[in-house]
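Notes to accompany the following structure.
The values are calculated or read from the model by the stated rules, or taken from the named source; none is laboratory data. Keep in mind that what you see is a predicted model, and the values were worked out from it rather than measured. For neighbour counting, all protein chains shown are included, and Cβ atoms are generated from backbone atoms with ideal geometry for every residue, glycine included. Accessible surface areas use protein heavy atoms only, side chains included; no ligands, DNA or RNA. Shrake-Rupley method; radii C 1.70, N 1.55, O 1.52, S 1.80 Å.
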Amino acid sequence: MKLTINKVLAREVLDSRGFPTVEVEVFASTSSGKTPDSSADSIHEFRGQAIVPSGASTGEGEALELRDQDKARYLGKGVLKAVENVRTKIAPSIVGRSFNSFAALDEVLLDLDGTENKTELGANAILPVSMAFARALANSQAKPLYQLIAETFGSQGQTLPVPLMNILNGGKHADNGLAIQEFMIVPVGFKKFSESLRAGAEVFHHLKKVLNERGLATGVGDEGGFAPHFSGEKPHEQAMQSILTAIKLAGYQAGRDIYLALDCAASEFYQGEAYQFEGKRLNSSEMVQLYSQWVETYPIISIEDGLAEHDWKGWAQATTALGGKCQLVGDDLFVTNPKFLKKGIEQKTANSILIKLNQIGTLSETLSTMKLAKQNNYASIASHRSGESEDTFIAELAVGTDCGQIKTGSASRTDRIAKYNQLIRIQEALGENARFAGMAAFKREQRSVV
Ligand code: PGA
Ligand code: ZN
């Protein structure tokens, strides 16, 4: 059944950091102008809505996020140009036209832009239209979005992901002297998503007590994790130790129930071909050695962007040393782009990819990248950005593709919690069919290949 677009609205709204981003609403009806089962004259319209997120530690290869650069508004971060591109360039090209899949709509959007990095219209103009149309299409077929994604992706759409919860923030997301951006807990040893989430939230609350007792600040960073200023030696190990204490206090066993994961976002502390780390300049092999020591000492299951995005040699060393023991995730390295992922596959670099819709700019391209990852036994992790909103699209994406992992922040702040709450709803809707990914999501040999 084709869906005809009747109207597209775009507006400037705010993200979780209080900076502007783009929201789009798509209104559409089935080509007869009636609901699929309606014989009456009433024309039923279907609606889809979406908000694009925004990153802070962005990879250089990401699709363009169009900002107005008008210093008089929002310190130059306004998105009125992107909104205008939706209203005057995208809407006139798609209103009145019918599409039977979101891939068909995305193709038109890509043609309209015509550039490699979406520099003509901006990914923040294209993506919300792509996402909102997918929602309208799911609504018109009276099915949840994750089911529509599953049918398109060729998956079952029944796997609730393991949450990678960023409970201690550093790097560009905090102001506390930690080079590493994210210290995450990964509650894998549970039967249900809701139990895994509960364990994660309990550890988060215990971590607050642990930090309080040490006289450290418990204000939260951009992704809802604490952002304490550890003084003295080896602050990064102090961070991991504090989390391990919190896991224990919460009554869980680290390395069985709950693991640790890091997003180093290492491009941010890579200067002049060296890593500026805890007051030293480390080369790539020294950085890899440090990670290897940590993996021996701490129950680390995943390291994201351990090396900088241009340090492919360092990445190769890391993959050789750690690829068999640990999930190595390319975020800034791959920017959800099949071109960079292909290079990684060819060079056997990393073994997993972070998936951010706005790095590439359409839902269809995101799914193509995830398919390429799956075919090559790379894990995909559906991810938020540090600038988020109430939009829960990535919860649907994670379940729809059965990718098994979601990274969407700590157990605080509604922009993060909204995704977790949506996963709870999906778990309930799936009922007996719901599966929790658990440890299988991290065992590469157990991943099914499409
Ligand atoms: P970003 O951070 O959204 O600021 O890029 C998240 C991440 O690096 O994974
Ligand atoms: Zn990252």
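Observations on the model:
- Whole-number D in µm²/s for region 116-238 (Stokes-Einstein; Kirkwood sum over Cα pairs; 25 °C, 0.890 mPa s): 138
- Across region 104-163, Cα-Cα pairs more than 18 Å apart make up 48 percent of the total.
- Within a Gaussian network of the chain (alpha carbon springs, distance under 10 Å), most fluctuating of 97, 135, 416: 97
- Note on the chain: antiparallel DSSP beta bridges, both residues inside, total approximately 60 percent of the bridges counted.
- Accessible area (Å², per residue) of region 1-132, counting only protein heavy atoms and a probe of 1.4 Å: 44
- All Cα-Cα separations within the chain were binned at 10 Å from zero, giving a P(r) of 5, 22, 32, 26, 12, 4, 1, 0, each value a whole percent of the pairs.
- Cα Rg over Rh - region 206-256, Kirkwood: 0.97
- Average accessible area per residue (Å²) across region 289-390 - probe 1.4 Å, nucleic acids and ligands excluded: 31
- The relative contact order of the chain, computed from alpha carbon pairs under 8 Å that lie at least 6 residues apart in sequence, is 19 percent.
- Measuring spread by the Cα atoms of region 307-365 yields a radius of gyration and Dmax of 11.4, 35 Å.
- Straight Cα distances below 26 angstrom link residue 280 to the lysines 172, 234, 313, with same-chain residues fewer than 8 positions distant left out.
- Qualifying aspartates and glutamates (Cα of each under 12 Å from Cα of residue 419; at least 8 residues distant if same chain): 388, 390, 391, 396
- Accessible surface, region 234-287, averaged per residue in Å² (probe 1.4 Å): 44
- With contributions of -39500 (n - 2.57) from each DSSP H run of at least four residues, the per-residue ellipticity at 222 nm computed over the chain stands at -11000 deg cm²/dmol.
- Accessible surface of the chain, 1.4 Å probe, proportion on carbon and sulfur as whole %: 47
- Each of 145, 394, 178 was scored by the projection of its Cα onto the charge dipole of the chain, and the greatest displacement toward the positive side belongs to 145; charges sit on the C-beta of Lys, Arg, Asp and Glu.
- Set against the 2.2 N^0.38 Å expectation for a compact globular protein, region 303-450 has a Cα radius of gyration ratio of 1.03.
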